[in-house]
Amino acid sequence: MPELPDVEGFRRTAEKAAHRVVRGVDVRDAQVVLNSGPADFGEALRGRRFAEPHRHGKVLQIPTENPPADSSPGGSSVDGSSADGMPSLLVHFGMTGALLWCEPNEPPHAHDRVVFRFDGGELRYRDMRKLKGVRIAREPAEAAEVLDELGPDAAAASRAEFAARLTRTRRQVKTALTDQAVLAGLGNLTADEVLWRAGIAPHRQTTELTRDELDALHRRMRSTLREASRAGLVPNRPSWLSGHRADKRCPRCSERLSQRRMSGRTTIWCPVCQPD
DNA sequence: ATGTCTGTTTCCTA
DNA sequence: GTAGGAAACAGACA
């Protein structure tokens, strides 16, 4: 599932836990804890509060903050401790990961790999295939190591930044769009969707795109991500290309869609709306 | 049963 | 620098 819009949905889920104290961490499958042992992982988080979650591309970062200096009722104090210097939780959802907010007594799901318990609810990292998972960054520099590998967030990249990053390489535009080091957040579905909306064939070389085409691509990308993020997934609507991966007819002109594997992923486009 | 597919990423080879 | 394949994993599906 997880492309930028999905992770944006998970970010909103994580907001339910913001400013709550982590009462306990259950690592039900140590394999998804990427950079520490299960005990250390839980120990790094227990007793701290989750702060406001951030998303960069497909990566979700949940910083922590210290518990409020004892109870300060009445004061809506966000307390003194900033999230600086505190450990962060980093989540990469791989291909099948998800984050769910559950009531305390909901029975566990077979694919619940890590459970973060709070008073009155819990956050669950659920993942069937365990291609990625969670990691702990003990200080901001450690989180930066992961995030610095990524290009600018696709939903936030400016037009100029977008064009500059994309044309830095001369690869096929679909491949460049899904390269997280070029631009962070687009996956197989959103890349196909954006290219279709912009009327650009996926195998075009980035360096042969005109300024107008780059601008169109950027504009479509922003609007597509905005709409999909609101839904928390790439919609399966009839007016979207992604809704036609099965019947393989262009939603705009009804032409038979073309299909090819590009860098290992199934790529779909309309030969009429996206000419060579 | 066996093979193929999958909304991800990384590593290797040509 | 770029493209393609395989692998990590756990299914669903024909």
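Nothing in this text is a laboratory measurement; each read-out follows from the coordinates by a stated rule. Source: prediction; values computed, not measured. Every residue, glycine as well, gets a Cβ built from its backbone with ideal geometry; the counts of neighbours run over all protein chains shown.
From the list A:ALA144, A:ALA201, A:ALA184, A:ALA164, which residue is away from DNA strand B (no atom under 16 Å from the Cβ) and over 28 Å from A:PRO271 (Cβ atoms)?
On inspection, the qualifying residue turns out to be A:ALA164.
Conditions first: (1) within 23 Å of the chain's Cα centre (by Cα); (2) on the phi < 0 side of the Ramachandran plot; (3) hydroxyl-bearing (Ser, Thr, Tyr). A:SER263 passes all but one, so which condition is the exception?
Checking A:SER263 against (1) within 23 Å of the chain's Cα centre (by Cα); (2) on the phi < 0 side of the Ramachandran plot; (3) hydroxyl-bearing (Ser, Thr, Tyr), the one that fails is (2).
Quick one: A:ALA191 ticks every box in (1) over 14 Å from A:PRO5 (Cα atoms); (2) within 16 Å of DNA strand C (Cβ to nearest atom); (3) in a helix (DSSP H, G or I) bar one, so which box is it?
Exception for A:ALA191: condition (1).
Scan segment A:204-247 residue by residue and report those that are surrounded by fewer than 18 Cβ atoms within 10 Å (Cβ to Cβ), within 16 Å of DNA strand C (Cβ to nearest atom) and either hydrophobic (A, V, I, L, M, F, W, C) or farther than 21 Å from A:PRO2 by Cβ (or both).
A:ARG204, A:GLN205, A:THR207, A:GLU208, A:ALA246, A:ASP247
List every residue pair whose Cβ atoms sit under 7 Å apart, with the two residues 6 or more apart in sequence or on different chains, where the first one lies in segment A:1-15 and is within 16 Å of DNA strand C (Cβ to nearest atom) and the second, anywhere, is among the polar types (S, T, N, Q).
Going by the 7 Å Cβ cut-off, the qualifying pairs are A:MET1/A:THR96; A:GLU3/A:THR190.
Scan segment A:17-39 residue by residue and report those that are free of Cβ contacts under 8 Å to residues at least 60 places away in the same chain and farther than 16 Å from A:LEU123 by Cβ. First the steps, then the outcome.
Initial filter on segment A:17-39 (free of Cβ contacts under 8 Å to residues at least 60 places away in the same chain): A:18-19, A:30, A:37-39.
Answer for segment A:17-39, where residues must be free of Cβ contacts under 8 Å to residues at least 60 places away in the same chain and farther than 16 Å from A:LEU123 by Cβ: A:ALA30, A:GLY37, A:PRO38, A:ALA39.
How many residues are exposed (fewer than 11 other Cβ atoms within 10 Å of the Cβ) and within 15 Å of DNA strand B (Cβ to nearest atom) if we restrict to segment A:248-276?
Of the residues in segment A:248-276, 2 are exposed (fewer than 11 other Cβ atoms within 10 Å of the Cβ) and within 15 Å of DNA strand B (Cβ to nearest atom).
Considering every residue within segment A:7-26, establish whether at least one is farther than 15 Å from A:ARG135 by Cα, of a type in the set (A, V, I, L, M), within 16 Å of DNA strand B (Cβ to nearest atom) and surrounded by 18 or more Cβ atoms within 10 Å (Cβ to Cβ). Write out each step before concluding.
Within segment A:7-26, the subset farther than 15 Å from A:ARG135 by Cα is A:7-24.
Still in the running and of a type in the set (A, V, I, L, M): A:7, A:14, A:17-18, A:21-22.
Filter once more, so that each one left must be within 16 Å of DNA strand B (Cβ to nearest atom): A:7.
In the following step, the residues that additionally are surrounded by 18 or more Cβ atoms within 10 Å (Cβ to Cβ) were identified as A:7.
Among the residues of segment A:7-26, at least one is farther than 15 Å from A:ARG135 by Cα, of a type in the set (A, V, I, L, M), within 16 Å of DNA strand B (Cβ to nearest atom) and surrounded by 18 or more Cβ atoms within 10 Å (Cβ to Cβ), which makes the answer yes.
Does at least one position in segment A:187-195 carry a residue that is of a type in the set (Asp, Glu) and farther than 18 Å from A:ALA160 by Cα?
yes
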